[in-house]
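Only one structure is covered here, and it is reproduced in the block below.
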Amino acid sequence: MLHPDIKSHPSRRLPEHGLAEAVSLAAALPAMEVVGAEVVRLPRLHAGMLFGSGKVEELKARIKAARVGLVLVDGPVSPIQQRNLEKEWGVKLLDRTGLILEIFADRARTREGVLQVELAALSYQRTRLVRAWTHLERQRGGFGFIGGPGETQKEADRRAIDDHVIRLKRQLEKVVKTRELHRAARAKVPFPVVALVGYTNAGKSTLFNRMTGAEVLAKDMLFATLDPTMRGVVLPSGRKVILSDTVGFISDLPTQLVAAFRATLEEVLSANLILHVRDISHPETAEQAADVADVLASLGLSKATRVIELWNKLDLVEGVAREALLAQAAAREDVLAISAVTGEGVDQLLDRISAAFDEDKVERRMFLPFAEGRKRAWLHAQGVVEEERQDEEGWHLLLRWTPRQEKRFREV
């Protein structure tokens, strides 16, 4: 496993943590055994080989000595770089996108999941026709990036892939229509939808099981959940809500996967309340939260959708750090510290969800002069602005908020 740390392309996270995550990704595939992992520091990318010639030679000797059959590169590798490195090292090579696609292929269980992963794999494969794609006829279990025969006729492959994409999209359209019908049926029943989102392995499925009594697969493993699951939950107030568990997000999520899973992720967009589950014990929990926010923004999540942050895995935090987290969470209305494993904080969570739906929102028109820019920014941050018009003197706003939000506004 190689994690390129490129000086000219700085990341928001430490390279050592990125490497650890990549090793966990590889471990998520049962047939994969990681025999070595390291960060490779580079001043810049090399167009033809990714790495410099000296590093390529050094790695070649070590790969040969260790009898490695597959090299994983935790980052994007162009088709030309992949072909050149495979030829130079005499091994198969898989980049981050290919690895995640393999994991998703291994995990997909529903018809929709299988179709979505296959479509994403084809989009990825079309750009790098350097090996046969006999995997396309398989329903699950990997996409042949790891093994398989060598070169094929590119144009024939490309036409065949395009034809297969068309067939897959037609099949997916039928599945998406069925999902839309289910969503429309739920909309007629006055049950709000609460969606669990978060970085992969943040504990969403464990929390889902605790809240619903379901038995969704929950493991200390990246992407243990792929297909969305929904269950009814009765809140302490007696109100019933639908809880939805979704696929975990990850940094540098392949664009092909975001596009292919859009129909599934739209369940999040239509939710009345989002619970953002964070692994608060992780050293890069803030970076993971930022990655989740990026994906939600790219999907077009409305600012009006209420989000509650759940600082999960509190059972893994001890001493002063734990007390500090509890104090920070208590000071914020949109945060709750919990442990899905022990159940700590889950009763308060159910109460918080009840309160979120019991609060009636009212509309109000307001004028703010330009000098009140700070208050306007606060209103937008709270997601309560429905309409806004600007004239020579300031902003005319249409707000939709709760009495509690109005009270907090007066204190800004």
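Throughout, read-outs are computed from the coordinates displayed, never taken from laboratory work. Small disclaimer: the values here were computed from a predicted structure and weren't measured. Every residue, glycine as well, gets a Cβ built from its backbone with ideal geometry; the counts of neighbours run over all protein chains shown.
Some notes on this structure:
- For region 362-410: span of alpha carbons on each principal axis (Å, largest first): 31, 18, 15
- Taking the inverse of the mean reciprocal distance over all distinct Cα pairs, the Kirkwood hydrodynamic radius of region 291-412 comes to 16.8 Å.
- Residue-count net charge about Val335 - beta-carbon cut-off 13 Å; Lys, Arg +1, Asp, Glu -1: +1
- In order through region 80-95: 3J(HN,Hα) via Karplus (6.51 cos²θ - 1.76 cosθ + 1.60), integer Hz, x for Gly, Pro: 5, 4, 4, 4, 5, 5, 4, 5, 5, 8, x, 9, 6, 10, 10, 9
- DSSP-loop trypsin sites (Lys or Arg not before Pro) across region 302-369, with at most 16 other Cβ within 10 angstrom: Lys303, Arg332, Lys361
- Near Phe51, the amide H atoms lying under 5 Å from its own belong to His46; only residues 5 or more places off or on other chains count, and H is placed 1.01 Å from N.
- Cα-Cα over 25 Å, subset of Lys7/Lys55; Lys92/Lys169; Lys92/Lys174: Lys92/Lys169; Lys92/Lys174
- Within the same chain, aspartates and glutamates fewer than 8 places from Lys375 are excluded, and of the rest, those with a Cα less than 14 Å from its Cα are Glu388, Glu406, Glu411.
- Per-selection metrics, region 325-384 (Cα): Rg and Dmax in Å: 16.3, 50
- Annotation: amide H-H contacts under 5 Å for Val91 (H modelled 1.01 Å from N, sequence separation of 5 or more, or interchain): none.
- For region 2-100, the calculated P(r), taken from all Cα-Cα distances in 5 Å bins from zero up to the bin holding the longest distance, is 2, 12, 25, 27, 22, 10, 2 percent.
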